[in-house]
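We did not get these values from a lab; they are worked out from the coordinates using the rules stated. In this text, all values refer to a predicted model and were calculated from it rather than measured experimentally. Cβ coordinates were reconstructed from backbone atoms using ideal geometry, including for glycine residues, and neighbour counts include every protein chain displayed.
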Amino acid sequence: MFMDSSTGVELVMNPPYPTGQPVLVLDESWETQPEARLGRTYNCVVKEDDGSIRIWYSVDDPANDERYVSYAESSDGIHFTKPVLNLVDVGGTTANNAVLPSMIGGSSVWIDPNAPPEERYKTQTKVYSPEVWGQFHMHSSPDGIRWKLFENVRIGRGGWDTQSIVFWDPRIGRYVLYTRYWVAKRHGTAEGNESYRTVRRLESDDLRRWDNQSIVMWPDEVDLATYETSVPLRPTGPDSPHGRVPMDYYGALVFKYPDAEGGVYIMLAHANWCWYDSELVVTSVRDDLEAERQETRTLQLPSRFDTRLSVSRDGNSFQRCGGRKPFMRPGPEGSFSSRSIWEMPNPIRVGDELWIYYTGANWDENGIVDPAAQSRLSGIDRAVMRLDGFVSADADYSGGELLTPSIRFSGRRLELNVDTGAGGSVW
């Protein structure tokens, strides 16, 4: 929406509504080991030209020291099947739906419009295998199922240990990459004690050499001041002993909005809240899998995610929307998404709706499970919103008026996306 002027009109962010009914959980025999869990931040969805919807999701199994990517498919986006593909050994058998092997950090599958058919699908992730620990690998595939290494991508310092987004941008005629950038002494990107996450953007002509780096989302002065004076529970900022800030941006889903003339880029940035320290007695099974043990740890809390909406015309300079209120937030206490939500690339259109698939989990960044739940829970759900309804121009009961610039369009009529209620009108 372009507005030259308005009277009695307010721009309002419109969060989607989660259905609360996961379309995918870990329920197959090879997925239900005692410590197996759905990866919270490494899942993705693609809608094919025939209308079918495909999900790639990560499974973490610390008991067997495995992390792998699996595949599911659906004709309606609600009921998914997990085909047995016999491609990857999981727990001593290939009778499963895994498509990428152990210790691949996750997936962010996208379709490369410039690639030959045998490399049409791409995905990229950090790798955790001992022999190549920490490398950033891009894989390619002809069908989204059979993958091979495409490139060991080198993008410089700053880390990339979360979901990374890549797509071809015809507006600039280059590929773009959005990934994490750590401002931290250990990454050689900070001179002092600073330690916080931001989102960076890079460009490439060939997916191998990347340049033109910029930081596109970071905790700014407003974010950093959130708890600086009102809740002095922990020293924050670059001069504090640990250099941590009350919140930072763990990662971001960025996509170019389809059918928008020129360029409209949507960012759903994942705000990570960690504004006070607390000593808690926690049960650990990761270091000694033979028996549980308890230990006292200093944890950064509340250690939860919610999502911020931002918009851009060039994919570089983003405007934050909604007064920094959450675009999506964790579910109620006791639910499968009570501690973490992570939107999956990319939202898909179904009729006059936009479906945003997301991963929900009831444990926080420290691994602590919601005490209101009976067990560890996670799943992939849909959040549904009106098509093009991220932000609307709202008027109150007495009405409002807005004036747009001159609009050129093809065809014989102009359609408005309007909800007036039962008794309203537009004229």
Is one or more of the residues making up segment 398-420 in a strand (DSSP E or B), touching an Asp or Glu at 6+ places or on another chain (Cβ under 7 Å) and β-branched (Val, Ile, Thr)? no
Kindly provide the set of residues from segment 143-168 that are out of contact with any Ser or Thr (no Cβ under 7 Å at 6 or more places or on another chain) and under 15 Å from residue 56 (Cα atoms), ordered by number. 143, 144, 145, 146
Given (1) surrounded by 13 or more Cβ atoms within 10 Å (Cβ to Cβ); (2) in contact (Cβ under 8 Å) with a residue 40 or more places away in the chain; (3) not in a strand (DSSP E or B), residue 349 misses just (3)
Of all residues being touching a residue at least 60 places away in the same chain (Cβ under 8 Å) and in a loop (DSSP other than H, G, I, E, B) in segment 352-366, which is farthest from residue 305 (Cα to Cα)? Just the residue, please. 366
Taking segment 81-99 and keeping only residues that are surrounded by 20 or more Cβ atoms within 10 Å (Cβ to Cβ), within 25 Å of the chain's Cα centre (by Cα) and in a strand (DSSP E or B), one is left with 98, 99
Restricting segment 34-80 to residues that are among the aromatic types (Phe, Trp, Tyr) and assigned to a loop (DSSP other than H, G, I, E, B), which is nearest to residue 164 (Cα to Cα)? 42
Screening 418, 426, 391 for residues that are more than 16 Å from residue 271 (Cβ to Cβ), aliphatic (A, V, I, L, M) and in contact (Cβ under 8 Å) with a residue 12 or more places away in the chain leaves only 391
All positions within segment 315-344 that are polar (S, T, N, Q) and farther than 21 Å from residue 164 by Cα: 335, 337, 338
Can you pull out every residue in segment 141-184 that is over 16 Å from residue 265 (Cβ atoms), part of a strand (DSSP E or B) and free of Cβ contacts under 8 Å to residues at least 60 places away in the same chain? 141, 148, 149, 150, 151, 152, 153, 154, 181, 182, 183, 184
